[in-house]
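The values are calculated or read from the model by the stated rules, or taken from the named source; none is laboratory data. Keep in mind that what you see is a predicted model, and the values were worked out from it rather than measured. Note: ideal-geometry Cβ built from the backbone for every residue, glycine included; neighbour counts use all protein chains shown. These area figures cover heavy atoms from the full protein model, side chains too; ligands, DNA and RNA do not enter into them. Shrake-Rupley method; radii C 1.70, N 1.55, O 1.52, S 1.80 Å.
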There are 2 protein chains.
Amino acid sequence: MGPFCVESVLAEAINLVKAESMVLEQELRLESGRLLGPLTIAYETYGELNAERSNTILVTHAWTGDAHAAGRHSEEDRKPGWWDNMIGPGLVLDTDKYHVICSNVIGSCKGSTGPASINPQTGRAYRLNFPIVMVRDMVRAQKMMLDVMGINSLVTVIGGSMGAMQALEWGIHYPEMVRSIIPIAGTGRTSPMAIALNALARQAIYNDPLWKKGNYRPEHQPASGFALARAVGHISFLSEESMAMKFGRRFSARDGLFDFFGQFEVERYLEYNGNSFPARFDCNSFLYLAKALDLYDVAWDFAGMEEALERLSCPSLWFAFSSDWLYRPEQTEEVVEVLQQLNQPVEYHLIESDYGHDSFLVEPEKFIPYVVAFLDKLATVS
Amino acid sequence: MGPFCVESVLAEAINLVKAESMVLEQELRLESGRLLGPLTIAYETYGELNAERSNTILVTHAWTGDAHAAGRHSEEDRKPGWWDNMIGPGLVLDTDKYHVICSNVIGSCKGSTGPASINPQTGRAYRLNFPIVMVRDMVRAQKMMLDVMGINSLVTVIGGSMGAMQALEWGIHYPEMVRSIIPIAGTGRTSPMAIALNALARQAIYNDPLWKKGNYRPEHQPASGFALARAVGHISFLSEESMAMKFGRRFSARDGLFDFFGQFEVERYLEYNGNSFPARFDCNSFLYLAKALDLYDVAWDFAGMEEALERLSCPSLWFAFSSDWLYRPEQTEEVVEVLQQLNQPVEYHLIESDYGHDSFLVEPEKFIPYVVAFLDKLATVS
């Protein structure tokens, strides 16, 4: 066996990928009217762009996600990208066929410009001087990135949660460029319940004296408040069913039932997960992206949802999960019903899953067959 | 019109009531094995005890409730008791017929012994030296109070949420004394989701530097953390539907949409309500009662739920609310199904209401007719 063989096995099994980024010198005019730039955009690509430059799929990530959707950066990497079971040779987003791109949204802290980035005008981090970013602005920055790459046609835009919002915005604002969209566990507009939960998370951070109105030092994040904020999110991503399966009413083995500080397993889990979070995410970014989620309304700047959805002329494939209580199936169905009334090409599946909002990450096998069929049909048509 | 007339009108319209209390010198052995006493129990009564001492109804309150269930303490009182639309002459808990008692649970701060009370052994407030109290202990203290009053038969025990847990405990532990129970929006055992939400509330308080492990001065409660903890509870008592009706996605008129600290109406409401809470409740009591809720399991100290519910021989009337996501209808139905399998006399109604867990306070008119019929039938039988 020669070196070719070894390399080929590596490529398939380990799928080493490279974190890349580009700088966009042109300023972006945001929905708020403010200008932001120059912009750094972090991204990764999987598979090869074909000669016609027509086989790109854009994957859009959720709140605390990043551009690292698949593969590993090195053989030592403990974990692969967040949608590794979706992207790869022979998988649903088949890298033998498609050129898959995932980029980090602006406002985040995972390589793209966000509140922790240096403001070129002051030479210091933006912090709360960073402008409010809407989902539409994130999509606009992605469009600028694709322009630089010379890509002007997308097979599909696919993503869950905030990724679903981006997919929908793509379909509405760049109809000439998008051949389909696949929004998963999304919503046409964030509900007051979701806003209220984000309000708890915000307040948890504001209450932490270390937050200092966003002026914490990066190495001294407001860890207690931020951990609690994350725990709020964590609960909303899970479901009654998944918590019952995973923890039930089990009490921590090392605590006494009548100890004031004694904990149930579910409580210990939330605490542990919350505490590990500040090491890998910036608190101000978390707040800015929460704001983008709260402000999300597909009808923003339109007369109403109908007017916005009239522009979605490409086929769209929607999934909602039965146990998702953050963006409930009813919220996806609200959008789907309007699309049906408008006679737009729309396909919707309510997926039975016990994993709540997180189902799009935990049980992709439940919706993958529909995605495969959808992409196949799309290929036949075009 | 003589003075008699005036007095009679006053009694009916304003229904002035008196806050009372008693001291129980005998110590109570708690489920934890610890002794607590002497105990002060705050209570109120409405209507007259009949000669046979057989017309008493016990009303049990929820988490942050109190003994003041009906009427006003003075004509200047801005608000009547928390179930004023349920208790009074001609109302469902008819004070022309019944002698209604509501007492404050132990562990609370509304007149009964709790963590803010003086520990007679030290002459100082208990704070975190207060023992963990279970719902069963609360019921035991109520039994001691009724013993002192010479009451050994109850028409029914009725309450919502934590009040439903108390009603159920009454039916199981004092079957010889209880002729029926009416648990509303209850559960046979607190779910991991409810525990997780309480965990958020706890952590919000623990994170507040003013909490000082429970050693705050009463006039310096950990207000920020406590307000946030209350907001967590508040969200869990509401529903997606009630928030949509009440707030929708309205943005605060005085904030800019692109202000970092700009708020949606729902957020402002939660903040306002949370902030007003520390003035009327003790933070340590809040934590002790949250613990009692988390620990609640009807099967505690039994081989299982069946063994516990075998003891519930009296008729029971159960209500759950369609939009209650804290103690979901499925949780009441779990208990009801076991009772049906055991051939116990049980009646259950799933009430359509958009007000979530709080429906038992907001829309009593939806379940009152069933309570009237249930009490009438009970009177015929006995």
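Between A:I235, A:I195, A:I205, which is buried (at least 16 other Cβ atoms within 10 Å of the Cβ) and more than 8 Å from every other protein chain (Cβ to nearest Cβ)? It would help to see each step written out before you state the result.
On the way: A:I235 fails: more than 8 Å from every other protein chain (Cβ to nearest Cβ); A:I195 fails: more than 8 Å from every other protein chain (Cβ to nearest Cβ).
Unique residue meeting the criteria: A:I205.
Select from the range B:331-345 the residues that are among the hydrophobic types (A, V, I, L, M, F, W, C) and open to solvent by less than 40 Å² (accessible area, probe 1.4 Å) and write down the one among them that is nearest to B:T64 (Cα to Cα).
B:V335
With the structure loaded, tell me whether A:T60 is within 24 Å of A:P278 (Cβ to Cβ) and either open to solvent by less than 10 Å² (accessible area, probe 1.4 Å) or touching a Ser or Thr at 6+ places or on another chain (Cβ under 9 Å) (or both) or whether it fails that test.
Numbers: within 24 Å of A:P278 (Cβ to Cβ): no; either open to solvent by less than 10 Å² (accessible area, probe 1.4 Å) or touching a Ser or Thr at 6+ places or on another chain (Cβ under 9 Å) (or both): yes.
Criteria not met by A:T60.
Can you pull out the residues in the range A:282-318 that are out of contact with any helix residue (DSSP H, G or I) (no Cβ under 6 Å at 6 or more places or on another chain) and of a type in the set (K, R)?
Of everything in the range A:282-318, just one residue is out of contact with any helix residue (DSSP H, G or I) (no Cβ under 6 Å at 6 or more places or on another chain) and of a type in the set (K, R), namely A:K291.
Looking at B:P278, B:P222, which is the one that is more than 8 Å from every other protein chain (Cβ to nearest Cβ), at pLDDT 95 or above and surrounded by 15 or more Cβ atoms within 10 Å (Cβ to Cβ)?
Values: B:P278 fails: at pLDDT 95 or above.
Result: B:P222 is the single residue among B:P278, B:P222 that is more than 8 Å from every other protein chain (Cβ to nearest Cβ), at pLDDT 95 or above and surrounded by 15 or more Cβ atoms within 10 Å (Cβ to Cβ).
Run down B:G188, B:G150 and say which single residue is more than 10 Å from chain A (Cβ to nearest Cβ) and under 18 Å from the mean Cα position of the chain (by Cα).
Numbers: B:G150 fails: under 18 Å from the mean Cα position of the chain (by Cα).
The match here is B:G188.
Within the range A:151-166, identify whether any single residue is in contact with a Leu (Cβ under 9 Å, 6 or more places away or on another chain) and surrounded by fewer than 21 Cβ atoms within 10 Å (Cβ to Cβ), and answer yes or no.
Residues of the range A:151-166 that are in contact with a Leu (Cβ under 9 Å, 6 or more places away or on another chain), as a first pass: A:151-152, A:154-162, A:165-166.
Among the residues that remain, those that are also surrounded by fewer than 21 Cβ atoms within 10 Å (Cβ to Cβ) are: A:151-152.
Yes, the conditions are met somewhere in the range A:151-166.
Can you say whether A:E241 is among the charged types (D, E, K, R), facing another protein chain (nearest Cβ under 7 Å), part of a helix (DSSP H, G or I) and out of contact with any Phe, Trp or Tyr (no Cβ under 7 Å at 6 or more places or on another chain), as far as the supplied structure shows?
Values: among the charged types (D, E, K, R): yes; facing another protein chain (nearest Cβ under 7 Å): no; part of a helix (DSSP H, G or I): yes; out of contact with any Phe, Trp or Tyr (no Cβ under 7 Å at 6 or more places or on another chain): yes.
No: the conditions fail for A:E241.
Would you call B:A69 open to solvent by 10 Å² or more (accessible area, probe 1.4 Å) and among the hydrophobic types (A, V, I, L, M, F, W, C)?
no
Give the range A:252-275 a look and list any residue that's open to solvent by 40 Å² or more (accessible area, probe 1.4 Å), of a type in the set (F, W, Y) and not in a helix (DSSP H, G or I), or say none.
If the condition is that a residue be open to solvent by 40 Å² or more (accessible area, probe 1.4 Å), of a type in the set (F, W, Y) and not in a helix (DSSP H, G or I), then A:F258, A:F261 are the ones that fit.
Counting only residues that are in a strand (DSSP E or B) and polar (S, T, N, Q), which one in the range B:14-51 is nearest to B:L295 (Cα to Cα)?
Here the answer is B:T40.
Go over the candidates A:K97, A:K110, A:K143 one by one and state the one that is among the charged types (D, E, K, R), surrounded by fewer than 24 Cβ atoms within 10 Å (Cβ to Cβ) and under 14 Å from the mean Cα position of the chain (by Cα).
Details: A:K97 fails: under 14 Å from the mean Cα position of the chain (by Cα); A:K143 fails: under 14 Å from the mean Cα position of the chain (by Cα).
Of A:K97, A:K110, A:K143, the one residue that is among the charged types (D, E, K, R), surrounded by fewer than 24 Cβ atoms within 10 Å (Cβ to Cβ) and under 14 Å from the mean Cα position of the chain (by Cα) is A:K110.
For (1) at pLDDT below 95; (2) within 30 Å of B:F251 (Cα to Cα); (3) open to solvent by 10 Å² or more (accessible area, probe 1.4 Å); (4) not charged (D, E, K, R), each residue gets a yes or a no:
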residue	(1), (2), (3), (4)
B:V298	no, no, no, yes
B:E306	no, no, yes, no
B:E310	no, no, yes, no
B:S322	no, yes, yes, yes
B:P329	no, no, yes, yes
B:H357	no, yes, no, yes
B:V371	no, no, no, yes
B:V381	yes, no, yes, yes
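Go through (1) of a type outside the set (V, I, T); (2) open to solvent by 20 Å² or more (accessible area, probe 1.4 Å); (3) away from chain B (no Cβ under 14 Å); (4) in contact (Cβ under 8 Å) with a residue 40 or more places away in the chain for A:G171 and report which single condition fails.
Only one criterion is unmet by A:G171, namely (2).
Considering only the range B:128-139, I want to know if a residue exists there that is in contact with a Lys or Arg (Cβ under 8 Å, 6 or more places away or on another chain) and not in a loop (DSSP other than H, G, I, E, B).
Taking every residue of the range B:128-139 in turn, at least one turns out to be in contact with a Lys or Arg (Cβ under 8 Å, 6 or more places away or on another chain) and not in a loop (DSSP other than H, G, I, E, B).
Please go through the range A:52-80 and give me each residue that is part of a loop (DSSP other than H, G, I, E, B) and among the hydroxyl-bearing types (S, T, Y), ordered by number. Quick ask: steps written out before the conclusion?
Initially, the range A:52-80 is screened for residues part of a loop (DSSP other than H, G, I, E, B), giving A:52-55, A:61-71, A:73-80.
Of everything in the range A:52-80, those that are part of a loop (DSSP other than H, G, I, E, B) and among the hydroxyl-bearing types (S, T, Y) turn out to be A:S54, A:T64, A:S74.
Is there a residue in the range B:242-259 that is closer than 23 Å to B:H357 by Cβ, in contact (Cβ under 8 Å) with a residue 40 or more places away in the chain and within 23 Å of the chain's Cα centre (by Cα)?
The answer is yes, given that some residue of the range B:242-259 is closer than 23 Å to B:H357 by Cβ, in contact (Cβ under 8 Å) with a residue 40 or more places away in the chain and within 23 Å of the chain's Cα centre (by Cα).
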